[in-house]
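As structure tokens, the structure follows; a few thoughts come after it.
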Amino acid sequence: MNVYIKTYGCQMNERDSESAAAMLAVAGHTIVSGEQEADVVILNTCSVREQAERKAVGKLGILKKQLRERPWMIFGIMGCMAQSRGEELLRSVDHLDFVVGTDNIHTLPEILRDLAQERRKVCRDACMGADTPGIDAHRIHDAANPFSAFVSISRGCNRYCSYCIVPYVRGPERSRNADGILTETEALAKEGVTEVMLLGQNVAAYGLDGVPPPIPADNSPFADLLERVHAVEGIRRIRFTSPHPAFFNRKLIETVARLPKVCKNIHLPLQSGSDRILKKMNRPYTAAEYLAVVSGLRSLAPGITFSTDIIVGFPGETAEDFEATRSVMRAVRCDNAYIFKYSPRKGTVSSRMADDVPQEEKERRNQELLAELERINAENNAALVGRTFELLAEGPSKRNPSRWSGRTDTFKQVVFTPSESLKPGDYVPVKIMGSTSMTLYGERV
């Protein structure tokens, strides 16, 4: 059958979709690029925000029209929404055939085989370990960037931030076996992959088996994993996301700084710069402790860059709390920030708090931080003009196909003029000739 998978949400979902597609292809199905060609449509869903769930439910409603001309079509959902609301959706959406939870992607080939023989409602949402079958399945030669790959190292989260639904839908932290991760990475390298992104809800907690912070300064199984991945021949760049600041101890800081293949760009979610709000969010660190992680990395790896997540308008956030967040943002000088306006998420602790910051004030604070980010980015990028960096060439620029774009080790996007022999995945030296707040412009040297 022809199968189309539409993905909503985070990089973990992107990785799960790739794994599902790889297993279905091995089972004899054809992965297609649109629903019009498909016999089976699978929505890989996100539950982080209610808007994401509404989008998926709305899409399911639109898809029902396809049955008028192609009554044999099969519809399913996978991912976080399937895990948290699977049974409910099977009851309420009459044309939904199956739901597959976050730990049961490997059952998709069996489900499609059975549904081809007999139409019925199917739900698979059991919680399993991190080394679920197929977690290492890839479709490298069909990927947009076959030189770069995601590798899942853990699943679930134990942090229970008061605003977050993820631990309820992804389950507790479970770390994959390190040997399996290494085998997967080595296989990817043999296929021509040179850059891997290690994924987990909290990668810095890898291998700690649920131990909460504070973590002893010399104990970081994730740092040990980075050492092993660093030794894989053919891998030239290692990225990871997302680490929790409270798990970024001395050993991990020193390892990230010391290993040349580990890219010097860290996504370090802040959420708030106010200690009072951080406590309400159940984030077990202070602004000073967050800044200590940043300064520790900067002292050992000059030039390292940071991105972050920030929520404005959290319940009880005063103007003083907001200014504390702005102050930390200025101190870190992040190159990117995902700035969200708080909205209550049903089922979380914060949804029981009074949502007392007016929407217009949330909007104002959001816009102020976005303007702050643009100013910082413009200054950061201007300081790089005249310097030369090694880029991983990604291919033609979306805005100007005659030029190419690539990424530095610090995840800066650079647009440059390619040579005729250049191929996506090549590493090339480029001198920065100009900049904006979003992009660097360079020439090959």
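The values are calculated or read from the model by the stated rules, or taken from the named source; none is laboratory data. Bear in mind that the values here come from a model prediction, so they are computed numbers and not experimental data. All Cβ positions, glycine included, derive from the backbone under ideal geometry; neighbour counts span all protein chains shown.
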Practice prompt. Identify, from the list S19, S47, S33, the residue that is modelled with pLDDT of 90 or more and surrounded by 22 or more Cβ atoms within 10 Å (Cβ to Cβ).
Written response: S19
Worksheet item: Filtering segment 1-15 down to residues that are within 21 Å of D114 (Cβ to Cβ) and surrounded by 21 or more Cβ atoms within 10 Å (Cβ to Cβ), which residue is nearest to the chain's Cα centre (by Cα)?
Response: I5
Practice prompt. Give G61, G76, G28 a once-over and let me know the one that is assigned to a loop (DSSP other than H, G, I, E, B) and either over 23 Å from Y163 (Cβ atoms) or in contact with a Ser or Thr (Cβ under 9 Å, 6 or more places away or on another chain) (or both).
Written response: G28
Item to complete: May I ask you to list the residues in segment 393-412 that are surrounded by fewer than 16 Cβ atoms within 10 Å (Cβ to Cβ) and not charged (D, E, K, R)?
Response: P396, N400, P401, S402
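Would you call L112 surrounded by 16 or more Cβ atoms within 10 Å (Cβ to Cβ), in contact (Cβ under 8 Å) with a residue 40 or more places away in the chain and assigned to a helix (DSSP H, G or I)?
The answer is yes for L112.
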Worksheet item: Which condition breaks for D103 when tested against (1) part of a loop (DSSP other than H, G, I, E, B); (2) within 27 Å of the chain's Cα centre (by Cα); (3) surrounded by fewer than 21 Cβ atoms within 10 Å (Cβ to Cβ)?
Response: (3)
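Does segment 294-301 contain any residue that is in contact (Cβ under 8 Å) with a residue 24 or more places away in the chain and polar (S, T, N, Q)?
Within segment 294-301, the subset in contact (Cβ under 8 Å) with a residue 24 or more places away in the chain is 294, 296-297, 300-301.
From what's left, polar (S, T, N, Q): none.
Checking segment 294-301: not a single residue is in contact (Cβ under 8 Å) with a residue 24 or more places away in the chain and polar (S, T, N, Q).
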Worksheet item: How many residues does segment 79-99 contain that are at pLDDT 95 or above and in a strand (DSSP E or B)?
Response: 2
Worksheet item: Only one residue in A143, A82, A116 is outside the structural domain of Y8 (by TED's automatic domain parsing) and of a type outside the set (D, E), so which one is that?
Response: A143
Worksheet item: If you go through segment 312-329, how many residues are out of contact with any helix residue (DSSP H, G or I) (no Cβ under 7 Å at 6 or more places or on another chain) and of a type outside the set (A, V, I, L, M, F, W, C)?
Response: 5
Fill in: Of all residues making up segment 426-445, the number that are buried (at least 16 other Cβ atoms within 10 Å of the Cβ) and either touching an Asp or Glu at 6+ places or on another chain (Cβ under 8 Å) or of a type in the set (S, T, Y) (or both)
5
Item to complete: Return a yes/no flag: does segment 353-362 have any residue that is closer than 30 Å to I277 by Cα, in contact (Cβ under 8 Å) with a residue 60 or more places away in the chain and not assigned by TED's automatic domain parsing to the domain that holds E53.
Response: yes
Worksheet item: Residues I105, I62: which one is closer than 22 Å to G34 by Cα and in contact (Cβ under 8 Å) with a residue 60 or more places away in the chain?
Response: I105
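Could you identify the single residue in N44, N13 that is in contact with a Gly (Cβ under 7 Å, 6 or more places away or on another chain), part of a strand (DSSP E or B), closer than 30 Å to T348 by Cβ and outside the structural domain of L199 (by TED's automatic domain parsing)? Show your work before the answer.
On the way: N13 fails: part of a strand (DSSP E or B).
Exactly one of N44, N13 is in contact with a Gly (Cβ under 7 Å, 6 or more places away or on another chain), part of a strand (DSSP E or B), closer than 30 Å to T348 by Cβ and outside the structural domain of L199 (by TED's automatic domain parsing), namely N44.
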